[in-house]
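A.B. asks: I have a structure I would like to understand better, so I am pasting it below and will then ask my questions one at a time.
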Amino acid sequence: MTFYVTTPIYYVNDVPHIGHAYTTIACDILSRFHKLKGEETFFLTGTDEHGQKVEKASNLKNQDTQNFVDEMSKSFRDLVPFLGCDIDDFIRTTENRHKKAAQFLWNKLKNNNQIYLSNYEGWYSIRDEAFYLENELKKVNDSFIAPSGSPVEWVKEESFFFKLSSWEDKLIKYYEKNQDSILPKSRYNEVLSFIKGGLKDLSISRTTFKWGIKVPEEDNHVMYVWIDALCNYLTAINYPDEDNHNFKTFWPGVHVVGKDILRFHAVYWPAFLMAADIQPPKKIFAHGWWTNEGQKISKSLGNIINPYDIINQYGLDQIRFFLFREVPFGNDGDFSKDAIALRVNADLSNNLGNLIQRISSFIVKNSDSKVLKPKRFNQNDEKLLELFKKNFDNYLNHMNLFQIDRALKNIFEYLSEVNAYVDTEAPWSLKNSNQERMKDVLYIVTILTIRCSVLLFPIIPSSIKNILKIYNLSIENFNYEKINNFFPDYLKLNKPSPIFPRIEL
Ligand code: ME8
């Protein structure tokens, strides 16, 4: 099995904010999860650098456009390691490899008789880089605005068109057969009803500006930024070399996107691909939208959340955890400082952190820093071990369905059971009366805490690396296939230092 996961490539008209960080972290979690399942993974992110929106932003800064995109792209690239994300490639649409791939795809569509020249006349939103029909727009005062709230302008120019309308039936058939290819289900229904509402041919080139990839053999036309952008997912795995290892191994991939750009990924992209004799994506997951203390995040409201500020304030894993534990992946979420503190304190500091702290310091102090595999397990031990298996199965099911919040909830419910076991077995009260049983209890709690930590690794990798160091272990020692059999003969512990300090409200 292989797993190719992509983020949208982000527009470089502005620096990244928490919304971009959210999608990138989501893909990192999924990629790490699949790697621990033993799959070969490829995780791609990057920047979308062409089109009018980006050109306009560079003009506003009075900067040469190439210099501008170089600088802005770097701010997205630098953010990746800061977010603790382990990517396999970072793609930029201004790279030569990408220009070549996009032009190859264009020629393929042209040779397959999917493109024709005509005139476009209609509404266009630069902010969304999208064409709209008049009946999709809202009238506010005397002007029209897009469903996203963006302004639109009337455009009239010669344009190449893609025969999207001829793909309507094939897309419907494809989606009716592949019902889990768009998640969550509500998004699948939305896409299917959009397609059933009728598809019009799509304008795929522009002539009124130059900042884009040239249409092959057509000097006046640059490609519409979305056909250029979507092609990045192929470029990065070496398209057009379809015999290449990466293309053969990883396509079709999984696209994680915000709900704002679902239509481009679930309607236009599969149609382009099928029209170019390439398989459509394996899956498209559309997640929800973050607001800040109840308000839409926007530059004009001045409430953009800078990922550097928030992570420096609360800690990387604290934020990664909050984002994916607090809100079901797929739903909208609200970023609130009180919610971060409550969530981190309850789960990371109290439930997991305290358990590790009190048990491992007790082992260091009272059991010569060691735990040994018990000769036998009693009924309570067996019950807790069995419960782990059940929770692990649930965790796998949830993660396979992108239900990261439910997978996490599962682990923390289990950790509460482990804490309850510690309270019942009370190893400290066995110190003088039954050393052997005390040691057995310490062993059980230790290995189960380690197993839970390994399940948490995709979400909070750097903290888990530190936790594993307490036990002289490293994540490379683990894969999920063998986790139920993790019964080491012997573990030597190091003195722990607190991992998740409480956040003051
Ligand atoms: O759309 N909440 O780029 P973009 C959650 N270049 N996610 C958010 C968010 C928020 N408030 N704000 C942004 C583009 N995002 C195109 C994509 S792909 C071939 C081309 C995330 O810079 C979310 O993933 O506008 C959304 O889809 C993406 O950033 C939009 O990034």
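Taken together, the values in this text are just the output of simple stated rules run on the coordinates, not laboratory data. All of these numbers come straight from a predicted model, not from anything done at the bench. Note that we place each Cβ from the backbone using ideal geometry, even for glycine, and neighbour counts take in every protein chain shown.
A.B. asks: Of PRO147, GLY333, ASN232, whose Cα points farthest to the positive end of the dipole of the chain (charges on the beta-carbon: +1 Lys, Arg; -1 Asp, Glu; origin at the Cα centre)?
C.D. replies: Result: GLY333.
A.B. asks: Between ASP338 and GLU71, what is the label-to-label distance in nm when each label sits 7 Å out along the Cα-to-Cβ direction?
C.D. replies: 4.1
A.B. asks: Right, next: Using only alpha carbon pairs under 8 Å that are at least six residues apart, calculate the relative contact order of the chain and give it in whole percent. Could the numbers behind the result be given before it?
C.D. replies: Values: 772 pairs, mean separation 77.3, N = 505.
Reported as a whole number, the value is 15 percent.
A.B. asks: Okay, moving on. Using a Förster distance of 25 angstrom, determine the FRET efficiency expected from the C-beta separation of LYS299 and ASN62, and round it to 0.05. Working shown, then result.
C.D. replies: Numbers: r = 19 Å, r/R0 = 0.75.
Computed FRET efficiency for LYS299 and ASN62 comes out at 0.85.
A.B. asks: Moving on. How large is the dipole of the chain about the Cα centre if only Lys and Arg carry +1 and Asp and Glu carry -1, each at its Cβ, rounded to the nearest 20 debye?
C.D. replies: Numbers: 61 positive and 63 negative charges, 299 e Å.
Rounded to the nearest 20 debye, it is 1440 debye.
A.B. asks: Taking amide H positions as placed in the peptide plane 1.01 Å from N, state which residues far from ASN331 in sequence (5 or more) or on other chains have amide H under 5 Å from it.
C.D. replies: Long-range HN contacts for ASN331: GLY288.
A.B. asks: Could I ask something else about it? Run the numbers for GLN313 and ARG502: contour at 0.36 nm per residue of separation, minus the present Cα-Cα distance, in nm. Don't skip to the answer; put the middle values down first.
C.D. replies: On the way: separation 189, 0.36 × 189 = 68.04 nm, distance 1.27 nm.
Between GLN313 and ARG502, full extension yields 66.8 nm more.
A.B. asks: While we're here: Of the options LEU505, VAL441, LEU455, report the single residue whose Cα projects farthest towards the positive end of the charge dipole of region 424-505 (beta-carbon charges: Lys, Arg +1; Asp, Glu -1).
C.D. replies: Sorting the options by dipole projection puts first LEU505.
A.B. asks: For region 63-219, what value does the Rg/Rh ratio take when both radii are computed over Cα atoms and Rh is the Kirkwood radius, given to two decimals? It would help to have the intermediate numbers written out before the result.
C.D. replies: Values: Rg = 18.8 Å, Rh = 18.9 Å.
The Rg/Rh ratio comes out at 0.99.
A.B. asks: Can you tell me the orientation of helix 354-366 relative to the chain, as the angle in degrees between its alpha-carbon axis and the longest Cα principal axis, to the nearest 10?
C.D. replies: Compared with the principal axis, the helix lies near 40 degrees.
A.B. asks: Work from the charge dipole of the chain (Cβ charges, +1 for Lys and Arg, -1 for Asp and Glu, about the Cα centre) and give the residue of ASN350, ALA426, PHE3 farthest towards its positive end.
C.D. replies: It is ALA426.
A.B. asks: Determine, from the Cβ-Cβ distance of ASP423 and LYS200 and an R0 of 60 Å, the FRET efficiency 1/(1 + (r/R0)^6), rounded to the nearest 0.05.
C.D. replies: Details: r = 65 Å, r/R0 = 1.08.
The calculated FRET efficiency here is 0.40.
A.B. asks: Let me ask something else about it. Tell me, what are the semi-axes, in whole angstrom and largest first, of the equivalent ellipsoid of region 227-279 as set by the roots of 5 times the Cα gyration tensor eigenvalues? Please list the in-between numbers first.
C.D. replies: On the way: eigenvalues 80, 29, 17 Å².
Value: 20, 12, 9 Å, ordered largest first.
A.B. asks: Defining a contact as two alpha carbons under 8 Å apart and six or more residues distant in sequence, what relative contact order in percent does region 198-268 show? All intermediate terms of the calculation are to be shown ahead of the outcome.
C.D. replies: Numbers: 48 pairs, mean separation 13.2, N = 71.
Across region 198-268, relative contact order equals 19 percent.
A.B. asks: Whole-Hz Karplus ³J(HN,Hα) for region 251-259, in order, using 6.51 cos²θ - 1.76 cosθ + 1.60 and θ = phi - 60°, x for Gly and Pro?
C.D. replies: Once θ is set to phi - 60°, the couplings for region 251-259 become 7, x, x, 10, 9, 9, 9, x, 4 Hz.
A.B. asks: Could you tell me the center-to-center distance, by alpha carbons, between region 266-302 and region 392-469 in angstrom?
C.D. replies: 36
A.B. asks: Within 10 Å of each candidate Cβ there may be at most 11 other Cβ atoms; applying that plus a DSSP loop requirement, which chymotrypsin sites (Phe, Trp or Tyr not before Pro) in region 184-222 survive? Spell out each step's value before the answer.
C.D. replies: Values: sites: TYR188, PHE194, PHE209, TRP211; in loops: PHE209, TRP211.
Loop-located and lightly packed - none at all.
A.B. asks: Compute from the Cα atoms of the chain the Rg and the Dmax, the latter being the longest Cα-Cα distance, and quote both in angstrom.
C.D. replies: So, for the chain, Rg and Dmax equal 26.0, 89 Å respectively.
A.B. asks: Now a separate question. Could you work out how far the C-alpha centroid of region 37-80 sits from that of region 137-209, in angstrom?
C.D. replies: First find each Cα centre; the distance between them is then 25 Å.
A.B. asks: Now for a different question. Which order, highest average first, do 128-140, 87-99, 450-462 follow once you tally other Cβ atoms within 10 Å for each residue and take the mean per peptide?
C.D. replies: Values: 128-140: 14.1, 87-99: 18.5, 450-462: 22.6.
Top to bottom by mean Cβ count within 10 Å: 450-462, 87-99, 128-140.
A.B. asks: Still on this structure: For a quick check: with amide H placed at 1.01 Å from N, whose amide H comes under 5 Å from PHE42's, ignoring anything fewer than 5 positions away on the same chain?
C.D. replies: Those qualifying (amide H under 5 Å, at least 5 residues apart or on another chain) are PHE3, TYR4, VAL5.
A.B. asks: Now for a different question. Quick check: pseudo-label points 7 Å beyond the Cα along Cα→Cβ at ASN350 and TYR116, how many nm apart are they?
C.D. replies: It works out to 6.6 nm between the two label points.
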